[in-house]
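Colleague: For reference, the structure I am asking about is given below.
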Amino acid sequence: MRLRPTGSAHTGLGEWLLQRLSAVYMGAFVIYLVVRFAIDPINDYLVWRDWFLAGSVRIGFALFFVSTLIHSWIGMRSVFMDYLKPVWLRFVAQVATGTGLLVLTLWLIQILLPSG
Amino acid sequence: MALRFRIYRYNPESDQRPHIQKYELDDDCGAVMLLDALLLIKEQDDSLSFRRSCREGVCGSDAMNINGRNGLACIIPLKDLKQPIDIRPLPGRPVIRDLVVDLSQFYNQYRAVKPWLINNDPEPEIERLQTPHERERLDGLYECILCACCSTSCPSFWWNPDRFLGPAALLQAWRFLADSRDQATGERLDDLEDPYRLFRCHTIMNCTDVCPKDLNPARAIGEIKQMLTKRVL
């Protein structure tokens with residue numbers, strides 16, 4: 001039987017792919033937003049709210065923020081792996097980043113779920 | 001006008017710390033390439049240590065950092081260099097003495113990619129044949145002379161020389177992945193899937209920029225990533 005080195009032996013490719021896919025989605029979505037507001041700017045809060053609460057727009061934003069969270073997690077982890085050598089320091093940095101991103105995720109759910 | 005040099009000097013056995021020593025040569029000393037000049041300087045001061053062998057860019061021994069850029073002293077014309085010429089050892093490697101560095105880790109990483117053909121078929125009477133197209137795929141890969149210019153200019157290799165294979169070893173990994181006669185593609189790819197060995201590469205491309213043989217390790221790394229991606233799709 002082939003033995004692999006211990007640890008997350010397979011995650012390199014998965015993370016690399018996810019980082020690229022999330023980047024592509026974020027890029028495409030930003031272009032969509034810029035074009036959309038260039039063609040039809042919204043100046044009224046109620047119109048803005050109706051537009052935002054439409055199912056497809058909300059899903060679009062949800063995917064965008066999920067991509068941002070994934071992208072920043074992989075990116076920050078990558079920076080820690082490169083530069084932080086002491087394991088305890090890397091652990092603290094990753095836990096802090098993870099907690100921060102978790103808070104953002106919960107906040108995001110609050111914003112995106114229809115209220116009341 | 002004289003040719004001016006500022007050369008890194010360090011003997012770990014006697015020096016507390018490295019220092020820069022200045023040297024001068026007459027303009028008409030006859031040196032054409034940087035290595036010629038270094039050999040003349042060594043006649044002035046025989047304590048100066050550096051490696052050299054073939055003096056024509058084939059052996060890769062005289063790789064060093066010249067005016068901030070890795071290269072082979074034997075194929076860099078003096079007239080192309082801004083003065084004073086700063087000469088330092090390859091960055092990021094332990095210095096044995098002056099411009100001589102310890103490349104053990106670099107060679108270990110090279111060895112780790114199993115840089116030989118793995119083929120379990122019985123050996124044919126004459127040779128394992130390839131089509132001209134299959135052979136063409138190895139161009140730009142087999143020419144590597146292992147001078148370490150690329151790996152020692154790679155920041156990812158500076159930070160993780162023990163875990164990241166580095167561009168030179170990865171170029172060789174691709175050289176055997178791309179070889180139609182090799183039968184260990186799966187195992188070779190398995191070995192590159194973890195977060196460190198291949199994926200510490202952030203496409204900085206210093207490797208391709210400095211390669212004295214004009215090879216393109218960054219593209220080879222991209223090809224490996226593509227091959228890994230195709231395998232999971």
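Colleague: Accessible area drop of at least 10 Å² (1.4 Å probe, protein heavy atoms): which residues of region A:67-106 qualify, relative to the chain alone?
Modeller: With the partner chains in place, region A:67-106 has these residues losing at least 10 Å²: A:78, A:81, A:82, A:83, A:85, A:90.
Colleague: Applying the Karplus parametrisation 6.51 cos²θ - 1.76 cosθ + 1.60 with θ = phi - 60° to the phi angles of region B:158-165, what ³J(HN,Hα) value in whole Hz is obtained for each residue in order, glycine and proline being reported as x?
Modeller: Along region B:158-165, the couplings run 4, 6, 10, x, 7, 10, 8, 5 Hz.
Colleague: Let me ask something else. How large, in percent, is the carbon and sulfur part of the accessible surface of chain A at a probe radius of 1.4 Å? Write down the numbers at each step before the final one.
Modeller: Details: 5960 of 7920 Å².
Using a 1.4 Å probe with all protein chains present, chain A comes out at 75 percent carbon and sulfur.
Colleague: Averaging over all projection directions, find the projected area of the Cα convex hull of region B:35-122 and quote it in nm² with one decimal place. List each step's numbers first, then the result.
Modeller: On the way: hull surface 31.6 nm².
That works out to 7.9 nm².
Colleague: Now a separate question. How many lysine pairs in chain B, separated by 8 or more positions in sequence or lying on different chains, have Cα atoms less than 24 Å apart?
Modeller: Lysine pair count for chain B: 11.
Colleague: Can you pull out the buried accessible area for chains B and A, both sides counted, probe 1.4 Å, rounded to the nearest 100 Å²?
Modeller: Details: alone 12740 and 8750 Å², together 19880 Å².
Looking at B and A, the buried total is near 1600 Å².
Colleague: What's the average, rounded to a whole number, of partner chain beta-carbon atoms within 10 Å of each residue's beta-carbon in B:190-201? Walk me through the intermediate numbers first.
Modeller: On the way: counts 4, 4, 2, 9, 9, 14, 6, 3, 3, 9, 4, 1.
The mean count of partner-chain Cβ atoms within 10 Å per residue comes to 6.
Colleague: Compute the semi-axes of the equivalent ellipsoid of the protein assembly as shown, taking the square root of 5 times each eigenvalue of the Cα gyration tensor, and list them largest first in whole Å. Write out the running numbers ahead of the final one.
Modeller: On the way: eigenvalues 455, 162, 84 Å².
For the protein assembly as shown, the ellipsoid semi-axes come out as 48, 28, 21 Å.
Colleague: Within chain B, what is the longest stretch that has no chymotrypsin sites (Phe, Trp or Tyr not before Pro) placed in a DSSP loop and near at most 14 other beta-carbon atoms within 10 Å?
Modeller: Numbers: sites that count: B:116, B:142.
Longest gap between qualifying sites, sites excluded: B:1-115.
Colleague: Another question, if that's okay. When the helix-only estimate is applied to chain B (DSSP H runs of n ≥ 4, each -39,500 (n - 2.57), divided by the residue count), what is the mean residue ellipticity at 222 nm, nearest 500 deg cm²/dmol?
Modeller: Details: 8 runs with 68 residues, N = 233.
My calculation for chain B gives -8000 deg cm²/dmol from helical runs alone.
Colleague: Please list log₁₀ I(q)/I(0) at q = 0.16, 0.18, 0.22, 0.24 Å⁻¹ for region A:14-112, using the Debye equation with identical point scatterers on the alpha-carbon positions.
Modeller: Rounded to two decimals, the profile gives -0.80, -0.93, -1.16, -1.26.
Colleague: Right, next: Round to a whole angstrom and tell me the spacing of the C-alpha centers of region A:60-107 and region B:40-60.
Modeller: Taking the Cα centre of region B:40-60 as reference, the centre of region A:60-107 is 49 Å away.
Colleague: Over the C-alpha atoms of chain B, what are the Rg and the largest Cα-to-Cα span, Dmax, in Å?
Modeller: Cα only, chain B: 20.1, 66 Å (Rg, Dmax).
The values are calculated or read from the model by the stated rules, or taken from the named source; none is laboratory data. In this text, all values refer to a predicted model and were calculated from it rather than measured experimentally. Note: ideal-geometry Cβ built from the backbone for every residue, glycine included; neighbour counts use all protein chains shown. Note: accessible area is taken over every heavy atom of the protein model, side chains too, but ligands, DNA and RNA are not part of it. Shrake-Rupley method; radii C 1.70, N 1.55, O 1.52, S 1.80 Å.
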